Amino acid sequence: MTTVTKTGDWRRARALLAAGPVRLKAAIAVAMRQEAEALRREIVQGLTRQAPGGSAIAPPKETTLAARRLKGFGGSKSLIVRADLRNGVAAIVRGDEAFVGVPRTARGKDGQSLTKIAEVQEFGSAPIVIPMTDAMRRFVFAVLREAGEPIGGGSGRGVVVVQVPARPFLRPAFEKFKPGAQRRFLARVAALTGMGGA
């Protein structure tokens with residue numbers, strides 16, 4: 001019969017092994033939060049730099065800038081007037097899932113749904129036909145004058161057709177972030193559990 005001799009602090013070893021799954025679960029949650037926040041930061045900085053994921057956003061047209069000025073807003077960046085959209089980008093972690101983007105509940109200072117605005121900016125819009133009112137007609141003429149655009153003849157009655165071009169700001173950031181995501185995540189977990197290599 002063979003005898004086994006135990007040496008060392010077995011009580012401490014048992015405690016470490018028992019705590020292992022709890023530590024691992026906590027490390028995974030923290031690593032997921034860190035990754036989600038890093039992606040959110042990439043999107044926000046991309047909007048600020050006007051190049052999400054390194055892809056330049058088309059600058060606003062002069063008529064857009066003129067309309068901003070007439071409404072009392074400055075700035076010349078695309079997708080940033082009051083910074084509602086940029087500030088609406090969120091990282092939400094629940095359990096083992098993370099959402100990074102503009103949540104459905106996000107609203108701008110004017111109460112508009114930021115999700116709808118984000119979707120239109122990300123993918124562009126179909127042509128939108130807007131019947132002209134007298135107030136709208138006056139505003140359009142004021143914008144054209146402010147932008148230095150010629151004002152055509154005619155009655156100015158009828159409709160105006162608007163189409164928003166796509167200015168992706170989420171997809172380019174996601175594409176830039178994807179390579180190495182698994183490696184980064186595992187490295188974060190290893191560091192948080194003290195299992196990272198030297």
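The values are calculated or read from the model by the stated rules, or taken from the named source; none is laboratory data. Note that the structure is predicted; figures quoted are calculated from it, not measured. Positions of Cβ are generated from backbone atoms using ideal geometry, with glycine treated the same way; all protein chains shown enter the neighbour counts. The protein model used for the area step is the full one, side chains on, heavy atoms only, and it has no ligands, DNA or RNA in it. Shrake-Rupley method; radii C 1.70, N 1.55, O 1.52, S 1.80 Å.
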Self-check item: Residues satisfying the stated conditions in region 88-98, i.e. touching a helix residue (DSSP H, G or I) at 6+ places or on another chain (Cβ under 8 Å) and open to solvent by 50 Å² or more (accessible area, probe 1.4 Å)
Solution: ILE92, ASP96, ALA98
Quiz item: Between a first residue in region 97-114 that is more than 21 Å from GLU35 (Cβ to Cβ) and of a type in the set (Gly, Ala, Ser) and a second residue that is open to solvent by 100 Å² or more (accessible area, probe 1.4 Å) and assigned to a strand (DSSP E or B), which pairs have beta carbons less than 7 Å apart while being 6 or more apart in sequence or on different chains?
Solution: SER113/ARG107
Practice problem: Restricting attention to region 114-133, report how many residues are of a type in the set (Gly, Ala, Ser) and either in contact with a Ser or Thr (Cβ under 9 Å, 6 or more places away or on another chain) or at pLDDT below 90 (or both). | Solution: 0
Quiz item: Can you find even one residue in region 163-174 that is closer than 28 Å to ARG86 by Cβ, at pLDDT 85 or above and small (Gly, Ala, Ser)?
Solution: yes
Practice problem: Exactly one condition in (1) modelled with pLDDT under 85; (2) farther than 22 Å from LEU65 by Cα; (3) touching a Leu at 6+ places or on another chain (Cβ under 9 Å) is not met by VAL189; state its number. | Solution: (1)
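Here's the yes/no breakdown for (1) open to solvent by 80 Å² or more (accessible area, probe 1.4 Å); (2) modelled with pLDDT of 75 or more; (3) under 25 Å from the mean Cα position of the chain (by Cα); (4) under 30 Å from SER78 (Cβ atoms):
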| site | (1), (2), (3), (4) |
| --- | --- |
| MET1 | yes, no, no, no |
| VAL4 | yes, no, no, no |
| THR7 | yes, no, no, no |
| TRP10 | yes, no, no, no |
| PRO21 | yes, yes, no, no |
| VAL30 | no, yes, yes, no |
| ARG40 | no, yes, yes, yes |
| VAL44 | no, yes, yes, yes |
| ALA51 | no, yes, yes, yes |
Self-check item: One residue from GLU149, GLU122 being in contact with a Pro (Cβ under 6 Å, 6 or more places away or on another chain) and among the charged types (D, E, K, R)
Solution: GLU122
Quiz prompt | Of all residues making up region 53-81, the number that are assigned to a loop (DSSP other than H, G, I, E, B) and surrounded by 14 or more Cβ atoms within 10 Å (Cβ to Cβ) | solution = 8
Exercise. Could you list all residues from region 166-198 that are out of contact with any Ser or Thr (no Cβ under 6 Å at 6 or more places or on another chain), closer than 18 Å to VAL120 by Cβ and not aromatic (Phe, Trp, Tyr)?
Key: ALA166, PRO168, LEU170, ARG171, ALA173
